[in-house]
Amino acid sequence: MRRGELYRVSKPGGDPKHFRTFVVVSRQALIDSRFLTVICAPIFTTGEGLSTQIAIGPGEGMKHESWIMCDNLVSLRKSDLTHYVGSLSPRKLSELSRALGMALDLA
């Protein structure tokens, strides 16, 4: 598992959808550690073009245009991240870092 990878998760807690795709945003040291969870950002089919949202699509493994929502971070068990969808390009990973900085008021 790597930062920037997308996984489809079945019945994520509290989500009304049967499946939701998430992107792993934790630092690699945490991903590689013994911790059972990682921090992820959910992906939705609609977005508003905010600075905390990243547009992605088929180039990243999605079936259609979608949005990473960096204002909605969640902790998910690594064991739930089994259905690999795709990964972000270096350019999209850089956009993700900027959006996370904005969402967490670090920028």
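The values are calculated or read from the model by the stated rules, or taken from the named source; none is laboratory data. This structure is a prediction, so every number in the text was calculated from the model and none was measured. Cβ: placed from backbone, ideal geometry, glycine included. Neighbour counts: every protein chain shown.
Across region 24-52, the qualifying residues are those that are in contact with a helix residue (DSSP H, G or I) (Cβ under 7 Å, 6 or more places away or on another chain) and either surrounded by 20 or more Cβ atoms within 10 Å (Cβ to Cβ) or of a type in the set (S, T, N, Q) (or both), and the one among them that is modelled with the lowest pLDDT is Ser51. Would you be able to say whether some residue in region 16-29 is polar (S, T, N, Q), out of contact with any Leu (no Cβ under 9 Å at 6 or more places or on another chain) and touching a residue at least 40 places away in the same chain (Cβ under 8 Å)? Scanning region 16-29, I find no residue that is polar (S, T, N, Q), out of contact with any Leu (no Cβ under 9 Å at 6 or more places or on another chain) and touching a residue at least 40 places away in the same chain (Cβ under 8 Å), so the answer is no. May I ask you to list the residues in region 49-67 that are closer than 17 Å to Asp105 by Cα, among the hydrophobic types (A, V, I, L, M, F, W, C) and in a strand (DSSP E or B)? Ile54, the sole residue that qualifies. Here Tyr84 fulfils each of the conditions (1) in contact (Cβ under 8 Å) with a residue 60 or more places away in the chain; (2) more than 16 Å from Val9 (Cα to Cα) apart from (2). Given the structure, is Leu106 in a helix (DSSP H, G or I) and among the hydrophobic types (A, V, I, L, M, F, W, C)? Considered against the rule, which asks whether it is in a helix (DSSP H, G or I) and among the hydrophobic types (A, V, I, L, M, F, W, C), Leu106 comes out as no. Against the conditions (1) surrounded by fewer than 17 Cβ atoms within 10 Å (Cβ to Cβ); (2) of a type outside the set (Asp, Glu); (3) farther than 18 Å from Leu106 by Cβ; (4) touching a helix residue (DSSP H, G or I) at 6+ places or on another chain (Cβ under 7 Å), Pro90 satisfies every one except (4).
So, Ser75, is that one of a type outside the set (Asp, Glu), exposed (fewer than 15 other Cβ atoms within 10 Å of the Cβ) and touching a strand residue (DSSP E or B) at 6+ places or on another chain (Cβ under 8 Å) or not? Spelling it out, Ser75 is indeed of a type outside the set (Asp, Glu), exposed (fewer than 15 other Cβ atoms within 10 Å of the Cβ) and touching a strand residue (DSSP E or B) at 6+ places or on another chain (Cβ under 8 Å). Checked against the criterion of being within 22 Å of Asp32 (Cα to Cα), without any contact (Cβ under 8 Å) to a residue 24 or more places away in the chain and outside any loop (DSSP other than H, G, I, E, B), the candidates Ser75, Ser94, Ser79 yield just one match: Ser94.
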